[in-house]
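Taking it in order: structure first as structure tokens, then the write-up.
None of the figures in this text is laboratory data; all of them are computed from the coordinates on show. Quick caveat, the model's predicted, so the values are computed rather than measured.
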Amino acid sequence: MVLVKEFRVVMPMTLEEYQIGQLYSVAKTSNLETHDDAGVEILKNEPFENEESKGQYTHKIYHLGSRVPGWLRALAPASALMLEEEAWNAFPYCKTVLTSPFMADKFKFIIETRHFADRGDRENAHGLDKKELKKRDVELIDITTQVDKKEYKEEEDPTLVRSEKAGRGPLQPGWIESADPVMCAYKMVTVEFKWWGLQTKIENFMMSMETNIFLKFHKQVYCWMDEWFGMTMEEVRKFEDELREQMTKKMEDIKAQGTEGEADK
């Protein structure tokens with residue numbers, strides 16, 4: 001069974017602002033998440049162009065480490081503790097493909113995103129046919145929705161944070177209907193996990209995880225607005241390069257620690 005779900009994330013900003021804010025926040029969160037025995041390894045971040053589009057191509061490896069449940073770490077080889085990501089960002093269309101070296105063709109996770117200057121009320125942003133529309137679930141994500149208490153931070157709460165540079169916020173109830181400017185990221189997520197006995201459970205779990213990931217990340221995009229508002233694309237690319245150097249050093253340390261740990265066994 002293949003699960004398909006469309007997430008709609010409305011943001012109080014223009015498309016051009018979102019493009020900058022999203023790139024800035026991806027770089028920042030990747031760096032923040034690289035610590036202890038887990039992190040992000042960036043193999044490529046370069047322009048691409050083909051017959052259909054052009055934009056920025058990234059190739060990353062996510063080292064999951066202890067963030068994988070203990071029972072799986074005990075059973076699985078090292079290759080199961082990493083995910084490989086390829087992304088083609090041809091804004092306003094983006095495509096991300098996640099694969100697992102361990103699962104090979106038994107695991108498929110694809111995110112296709114289309115961005116429009118609306119309030120998330122576009123009926124068929126991805127141009128699906130009637131059969132696909134019948135199978136599609138839709139979830140509207142409101143970035144003022146509270147996260148779990150253990151993840152809550154006042155500085156990442158859009159109902160409390162105001163952007164002084166943009167003159168926006170804090171966000172009040174009903175903000176989606178009144179926000180100006182406003183835009184929406186329509187994210188079509190396809191998940192397939194071919195493992196008898198675990199397939200449905202894992203697919204549903206991964207979809208629920210995406211809700212939390214999209215919610216938390218877009219809260220950060222908004223709440224970090226004063227950090228990135230007014231940046232040019234050149235400045236964002238420079239920021240990405242600086243953080244890439246930091247993450248490379250962190251991953252070298254993480255891998256060195258892993259090698260030492262193996263030697264001690």
Original post:
Out of the DSSP beta bridges found with both residues in the chain, what percent are antiparallel (nearest 5)?
Top reply: 90 percent
Original post:
Over the chain, what is the relative contact order in whole percent, taking alpha-carbon pairs under 8 Å and six or more residues apart?
Top reply: 31 percent
Subject >> Relative contact order %, region 84-200, counting alpha carbon pairs below 8 Å whose residues are six or more apart >> reply: 32 percent
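Let me know the Kirkwood hydrodynamic radius for the chain, please, with Cα pairs as the basis and the value in Å to one decimal.
19.9 Å
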**OP:** Determine the gain in length on full extension of the stretch Glu33-Gln246; use 0.36 nm per residue of separation and subtract their C-alpha separation, reporting nm with one decimal.
**Re:** 75.5 nm
